[in-house]
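Notes for the one structure printed next.
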Amino acid sequence: MLDTSSRAKSKQLSNFLPAFRFLRPYKWRILLAGIALVTTAGVSLSLGQGLRLLIDQGFVAGSSEALTQTLLLFLVLVTLLALGTFLRFYLVSWLGERVSADLRKAVFRHLLQLHPGFFETNLSGEIQARITADTTVLQTVIGSSLSVALRNVLLFLGGIAWLFWTNPKLTSIVLIAVPLLVSPVVIFGRRVRRLSRTSQDKVASVGAYVGEALQHIKIVQGMNHQQVDEKSFSQHVESAFDAGIQRIRQRAFLIAIVMLLVLGSVGGMLWVGGQDVLAGRVTPGELAAFVFYALIVASSLGFLSEVIGDLQRAAGATERLMELLEAKSEITDPISPQSLPSLVRGSLEINDLHFCYPSRPDSFALQAVNLNIEPGMTMALVGPSGAGKSTLLELLLRFYDPLQGSIHFEGIDLRYLALQEFRRHIAFVPQQPTLFSANVWENLCYGQPDASKEEMLAATRDANAEEFLDKLPQGFDSFLGEQGVRLSGGQRQRLAIARAILRDPKLLLLDEATSALDAESERMVQEALLRLMQERTTIVIAHRLATVIHADQIAVMDQGRVVALGTHQQLLHSSPLYSRLAELQFRQEAVQAA
């Protein structure tokens, strides 16, 4: 599980370093940006000498020619500074955008490979916030703050060198102030680093809450829960606001103290330097150059005190992103996967299967399950809620591995097969169909990306879906909305069945989709399912027994065990649980019909 607590795990900016590996493919751009950075820093430092010449040889000496030459030199330096700044800003900003994009793709690619159990303990909204907000922080730092920090480090070091060269005595005054400037940076920097992580976690929780509320907006409104959710959301927002204000307050204190110390030390330096000018020990140009370099040194420290907060935020953001990238999937391909036969028929064999969910290690979801499913057979799973039916389907898809026992597909243990090779022979139609925020074409070909339009149209005809899809405002180009919200339940189910038909699987897994539909929708969906099940091995979870009366075999499950196995007629006489379920359900349907 990801660490989403408010405490700061990191104590050092070194947590930012893993992000640098995303810069490696762009070495030449980094080199050019570095050259531009050094050039602009050097030109900025050279302006001090231009200022000294301008005053001593132009103004003080009263030479018009020297003044003109000095101003021309000054103009050349300023032009170089402008060109170098343009190149540095463009290249560094490009790197920030590029690294942010690469990092988002890397995190998303890794998330797609993680086992479903990972997302049971980690909120999708929290993960989304990390991919968006945290990568934006890194983009800002790499594309701006980091280059500003490096530039000011160069200006600081170069300024100190020029200060010593110009006037060692005055430089000693400046150096006395440096420890005073560094101390608050260290003290307040630690607090800012801790509060930055807290602030980012709070903002992520806000995003997670919004995503969940909007995703279930019909339930929110149907339950008149708006005011409660609004109040709860306000508490999340205010918590994030308080965390952000604490961080801003510490940064404000840091900036104010640095400014006070900087300007105070500059004032002291001017007083001492002014005495030397009056005594004739230094020239006005030297004092002006010294003040220029002192201001560069002081301002560079001031910028660094501000940038340090951004770098600490980036350290927290990097840490959170690396947690995602370093998360390990518990379901992986074998080192040397076995190959399925050239002709896959769809046989399944389940031997002594035991399983419990990671979040509930003391409670078995499946116990000693044994089933043998021949190619082309229809196996129905029935039983009360919580009997383990859906869990068995999740293991057949290898979303989890059993604690004990095995599942064999075509005679090969699923753990010895490559996940993609095995799953490409399976289609799964859940009770609540999953549609994506796209048009009909994109939803149809989700499981078969290279399908032609003719194949997709044929699949919709077989699924009894073509008629209502043609009537959509833009036909098959119509946008279906989030989770297919623009379609009815029966229409969504038929579109999901068409997608499964298009996949042409050998093994079909159905979490029966007719229990929540009206009679007409159920009839059309049932017809589509019968076409889909032809000549395929099918395992169907039956919530309504009338739909599986003609199944080849029915497995009755209770408390994670298969307690009876047989046909409908056999189970009516041999299984008290099945007989009771059938009696209750058929009696209810008879009452409804009457």
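Were the residues from Leu80 through Leu114 laid out at 0.36 nm apart, the gain over their Cα-Cα distance would be 7.2 nm. Placing pseudo-labels 7 Å out from each Cα toward the beta carbon at Glu326 and Glu65 gives an inter-label distance of 6.9 nm.
Rounded to whole numbers, the Karplus 3J(HN,Hα) couplings from phi for segment 283-298 are 8, x, x, 5, 5, 4, 4, 5, 4, 4, 5, 5, 5, 4, 4, 5 Hz, using 6.51 cos²θ - 1.76 cosθ + 1.60 with θ = phi - 60°, and x at Gly and Pro. Once the Cβ-Cβ distance of Ile248 and Thr132 is raised to the sixth power relative to R0 = 30 Å, the FRET efficiency obtained is 0.90. Amide H contacts of Ala365 (H built 1.01 Å from N, in plane; Pro and chain starts excluded): Phe355, Cys356, Tyr357 sit under 5 Å, all sequence-distant by 5 or more or on other chains. In terms of other Cβ atoms within 10 Å, Met557, Met259 run from fewest to most in the order Met259, Met557. With neighbours defined as other Cβ atoms within 10 Å of a residue's Cβ, the residues Leu381, Leu457, Leu324 order from fewest to most as Leu457, Leu324, Leu381.
Computed from backbone phi, the HN-Hα couplings of segment 102-111 come to 4, 5, 4, 5, 5, 5, 5, 4, 5, 4 Hz, rounded to whole numbers (Karplus: 6.51 cos²θ - 1.76 cosθ + 1.60, θ = phi - 60°; Gly and Pro given as x). Of the residues Met377, Tyr357, Phe399, the one whose Cα sits farthest towards the positive end of the charge dipole of segment 283-424 is Met377 (charges of +1 on Lys and Arg Cβ, -1 on Asp and Glu Cβ, taken about the Cα centre). Proximity of backbone amide H atoms, modeled 1.01 Å from N, is registered between Glu330 and His115 at under 5 Å, excluding neighbours fewer than 5 places apart on the same chain. For the pair segment 331-350 / segment 122-148, the C-alpha centres are spaced 40 Å from each other. Legend: calculated FRET efficiency, Ser232 to Arg415, from the Cβ-Cβ distance at R0 = 41 Å, rounded to 0.05, equals 0.45. One chain, two ends: Ser342 and Leu457. Fully extended at 0.36 nm per residue, the span grows by 38.6 nm beyond their Cα-Cα distance. Counting every other Cβ atom within 10 Å of each residue's Cβ, Thr40, Thr121 order from fewest to most as Thr121, Thr40. Residue-wise HN-Hα couplings along segment 443-460, as the Karplus relation 6.51 cos²θ - 1.76 cosθ + 1.60 with θ = phi - 60° gives them from phi, are 5, 5, 8, 4, x, 9, x, 9, 5, 7, 5, 5, 5, 5, 5, 5, 5, 5 Hz; Gly and Pro carry x. Under a 5 Å amide H cut-off, with hydrogens placed 1.01 Å from N, Met557 pairs with Val382, Gly383, Val563 among residues at least 5 apart or on other chains. Taking each residue as 0.36 nm, the span from Glu374 to Lys169 lengthens on full extension beyond its C-alpha to C-alpha distance by 64.4 nm.
Throughout, read-outs are computed from the coordinates displayed, never taken from laboratory work. Bear in mind the structure is a predicted one, so any value in this text is a computation, not a measurement. Cβ sites come from the backbone with ideal geometry, for glycine too, and all protein chains shown count toward neighbours.
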